[in-house]
Structure formats: structure tokens, C-alpha cells
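Since the structure comes first, as C-alpha cells, the remarks are kept for the end.
The values are calculated or read from the model by the stated rules, or taken from the named source; none is laboratory data. Nothing here was measured: the structure is a model prediction, and the numbers come from that model. Using ideal geometry, Cβ is built from the backbone for each residue, glycine included, and neighbour counts are taken over all protein chains shown. Areas reflect the complete protein model, heavy atoms only, side chains present, ligands, DNA and RNA absent. Shrake-Rupley method; radii C 1.70, N 1.55, O 1.52, S 1.80 Å.
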Amino acid sequence: MDIKEIQNLIKFVSKSGVNEVAIEQGEFKITIKSEVAGSEQVFVQQAPVMAAPQVMPAAVQAPVAAPEAAPAATEAAPAENANLIEIKSPMIGTFYRRSSPDKDPFVNVGDSISPGDCICIVEAMKLFNEIESEVSGKVVKVLVDDNSPIEYDQPLFLVDPS
Amino acid sequence: MLYKRLERNLIHLAIVDSTNDYAANLIKTSEVPSGTTIVTSNQQKGRGQRSAMWTTQANKNLTFSLIFFSNEKIQKAFYLNIAASLAVFKTLSDLKIESKIKWPNDILVQGKKICGILIDNSFSGDKIQSSIIGIGLNVNQKDFGDLKEATSILNEIGQEVEVMDIYEQLFGYLDFYLNLLMESNYKILLQRYYEQLLGLNQEGEFESKGIKFRGIITGVSEIGLLKIQTSEGTKEFDLKEIRMSYPSNFF
């Protein structure tokens, strides 16, 4: 198999959509693999007596990289956090998203909040502190699990003020 | 809860002369991690600034000494006082108690003392080898006898609280502020200390070496001396050299 034939073979394989083709002719072996990510890889094993054809990884046009996996449907964070406001914990304590276990959370992703709105409760030294928002905007992400310990200044919510 | 600088290693003693002395002995005789705390419900001979006695009713108050290895430069020793003062201030603030820090590190509520701090450092070369941060915080003590200028958490918020709940919170803030110190955030620490410093930029009456004078506290020096602007210029005072009588409008 000469170099022209190998090039044609690679083109054929890449168009065919198959992931892997292995051909064996006497002492000549060639395996053409198409990775999931898109780039073609050619593995050639050549019998030592024969002049080895050069491996040409760039011989085929790699298909355009598949679009990035879609973000998870829930609590999707935008790619850029630059314009978002972090609401931070004013104290060490335990973070609660609801006033009691059978109640709805004070805020959910997508909710609009205004200054003065209660957004969570932080329990410290058995005192329950209602934490009010100081900003207005839309809740983009809740950064802490309900009923978990939090540190001083730890970001709790991401809010889009626009 | 994850701590940045301190390990939880709590030694609870039913009765002890002084938790700071016990901690000093512990450092000499064994290897303990930074954060090791000696806490007692009954301290017999607590020491305060200038060797003043610090008495506490059994089982009512939080009395402990925390061992901390900072390897900080000697010149920065005062920042340990700042970190400890801010930790107490913040803990009280979480309980909705408004306090002020009286230089160097007493915590007052409306002019009444609620907490005293005594830090013993041992040095090696130009570094602080170990620090023992002793804190006495009045928690559930109601009656202070002749001590008119004392108060407690109970007296301020009108309800008893669990002494060890207070300890947990305070330990968390000690970790927070000592971490700021270890990250060399001196400016932030000093700024926050100034925000709570009693009498800053206010005129007060002072006494040094038997001489009374008026002046304005302008801050503390890098090594923790109190800076007072007087008619003869700004002077720096050591704790032993200065007495302050704060006017009531300070509180």
C-alpha cells in the first residue's frame, strides 16, 4: 500500500463515520481510528523490511469539535461571573434555606430579590438569624447546600443585578 | 467545619490555677498542635494585664487558653492581640451585643468589661515561637458583687447561653482572624481593629507618671503602643505607662 492509497483510505474512513478500521495485508498492517473528540489518529505498523510510510496525523480534516455538552438543566451557571454579585455569609454558622423543613425555600434560582428580602437563615450559637438581601436582582445560583456549616464571608448566593 | 489554621484539640479541666500557665507547661512537656485549647469551668488564679487578678464564678463563664504557633516576627506580636480582640468582638456581634475594644485588648459593652485577653508569647531569635492566647469571657454570670464595671452575655441579652456554644463560635473566628494574620493581611486587621477601638480620634483624659493631660488617641504603633496626640505632639505609650479615663461619650 503506497502513500496515496493510505491517504485515500483515511479520507474514506473519515467520511464513512466509522470509528476504527484495521487492514492487514501480508506483513503490512494499518489501523485508522477516529476519536470521539474528533481528531483522526492513524496507527501504522510496518514490517521492518519495507519502507515505512510516514504517519500523517494531519492527513484528514478533523471534524469540527462537537459543541460543548449542554449545561445541566438545573441551576445553570452562566459562563461569565464577572457581572454577578456574591452574597456572602455575615457570620459563622449553619445555613438554612427555609424557615422549617416542611416549608419552601426563601429563594430559588430564577427568583427576583430586593433589598430587605429574607433569603436564608444562619444559625449561630442556637440563635436563628434571618439574613436579608442588600441587593436587588435575580438569583442565579445557590452556592451552599441547605443545612450545612458555613464560614464567615463564604459566598452563599450568586445574583445577577441587571 | 473546616479550619484553616487551628486544629481541634480540646483539653477540658474541671479545675485549674491558670489555663495560661497550664498551657505553657504543656508546650514545654509535649508536642501539641496549633489550636490546642485548655478550657476550664473553674479557674482559681487567672491572671490579667499587669498581673491583675481575674476572678470568675465556677461553671458560668468561658475561660480558656489557646496555643498557637505562628512563627511570626516579634515586631508583629501585637497583631495577635488584634486578631483575638476581633474574634471576641465578632462573636459578641453575632449575639447582637455591641462592644468596643479598649486598647490593648479588653472588650467592653457600654463601658463595662465583658472580656479580658492575656497573650503570653515565647520568642526564639526574632520569631515568635509560641503564643498562648488566654481569654476570659463573662457568659452566664449575673452578679459581679462590688465590680460595677463588669457585665456578661447573660446581662446583655437577658438569657443564658451554652458556654461551649460560645467557645465554638469564638474558635471559628480565632481561626478566621489568625488566618488573616498568617496571610500577612496586617492592613485589614489594623483597619478592622480601628473600627472597633474605643476612643479613637476622640479627646480623652490620660495619666502618665503621675501627670494628667488631655489628648486624642490617633491609633496604635506597629508594635502596639498607644499613640496619643497631646499639646506637646504625638507620644507613644506602653500599657504600664498610661492610664485612661474615658469620658462617657466614648461608649
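Between B:Ile223, B:Ile211, B:Leu239, the Cα set farthest toward the positive side of the dipole of region B:203-246 (charges on each charged residue's Cβ, about the Cα centre) is that of B:Ile211.
Counting only protein heavy atoms and a probe of 1.4 Å, the accessible surface of region B:204-247 is 48% carbon and sulfur. Three principal axis extents of chain B based on alpha-carbon atoms, in descending order, are 51, 45, 32 Å. Taking all protein chains together, B:Ser41, B:Ser131 sort by accessible area into B:Ser41, B:Ser131, largest first [probe 1.4 Å]. Computed over chain B, the per-residue total of -39500 (n - 2.57) for DSSP H runs of n ≥ 4 gives a 222 nm mean residue ellipticity of -8000 deg cm²/dmol, rounded to 500. Loop-located GluC sites (Glu not before Pro) in region B:2-103 (DSSP state not H, G, I, E or B) with no more than 14 neighbouring Cβ atoms inside 10 Å: B:Glu7, B:Glu31, B:Glu98.
Computed from the alpha carbon positions, the gyration tensor of region B:203-246 leads to an equivalent ellipsoid with semi-axes of 15, 12, 9 Å, biggest first.
Between A and B, buried accessible area from a 1.4 angstrom probe totals roughly 1400 Å², ignoring ligands, DNA and RNA.
Only the Cβ atoms of Lys and Arg (+1) and of Asp and Glu (-1) were treated as charged; on that basis the dipole of region A:82-160 about its Cα centre amounts to roughly 80 debye. Over 27 Å between C-alpha atoms is what I'm after, so list which of B:Lys148/B:Lys240; B:Lys4/B:Lys240; A:Lys103/B:Lys142; B:Lys102/B:Lys142; B:Lys28/B:Lys100 land there. Among B:Lys148/B:Lys240; B:Lys4/B:Lys240; A:Lys103/B:Lys142; B:Lys102/B:Lys142; B:Lys28/B:Lys100, the Cα-Cα distance tops 27 Å for B:Lys4/B:Lys240; A:Lys103/B:Lys142; B:Lys28/B:Lys100.
Annotation note: trypsin sites (Lys or Arg not before Pro) in region B:1-100 located in DSSP loop regions with a Cβ neighbour count of at most 10 within 10 Å are B:Lys96. Projecting the Cα atoms of B:Leu200, B:Ile11, B:Ser184 onto the charge dipole of chain B, computed from C-beta unit charges around the Cα centre, puts B:Leu200 farthest toward the positive end.
For region B:129-219, count all C-alpha to C-alpha pairs, find those more than 15 Å apart, and express that count as a whole percent of the total. Distances greater than 15 Å cover 76 percent of the Cα pairs. For B:Ser231 and A:Asp160, the FRET efficiency from 1/(1 + (r/R0)^6), where r spans their Cβ atoms and R0 equals 56 Å, is about 0.50.
For region B:50-140, the carbon plus sulfur part of the accessible surface works out to 47%, probe radius 1.4 Å. Take chain B with all the other protein chains still there, run a 1.4 Å probe, and you get 47 Å² of accessible area per residue. Under the convention that each Lys and Arg Cβ holds +1 and each Asp and Glu Cβ holds -1, the size of the dipole of region B:110-251 around its Cα centre is about 520 debye. In region A:137-152, the residues that give up 20 Å² or more of accessible area when the other protein chains are added, compared with the chain on its own (1.4 Å probe), are A:Pro149, A:Glu151, A:Tyr152.
Placing +1 on the Cβ of every Lys and Arg and -1 on the Cβ of every Asp and Glu, with no other charges, gives region B:203-246 a dipole of roughly 120 debye about its Cα centre. Comparing each chain alone with all protein chains together (probe 1.4 Å, DNA, RNA and ligands left out), the residues of region B:1-21 losing at least 10 Å² of accessible area are B:Met1, B:Leu2, B:Lys4.
Highest mobility in the GNM of chain B, judged by mean-square fluctuation with C-alpha springs under 10 Å and restricted to B:Asn138, B:Asn105, B:Asn201, is found for B:Asn201.
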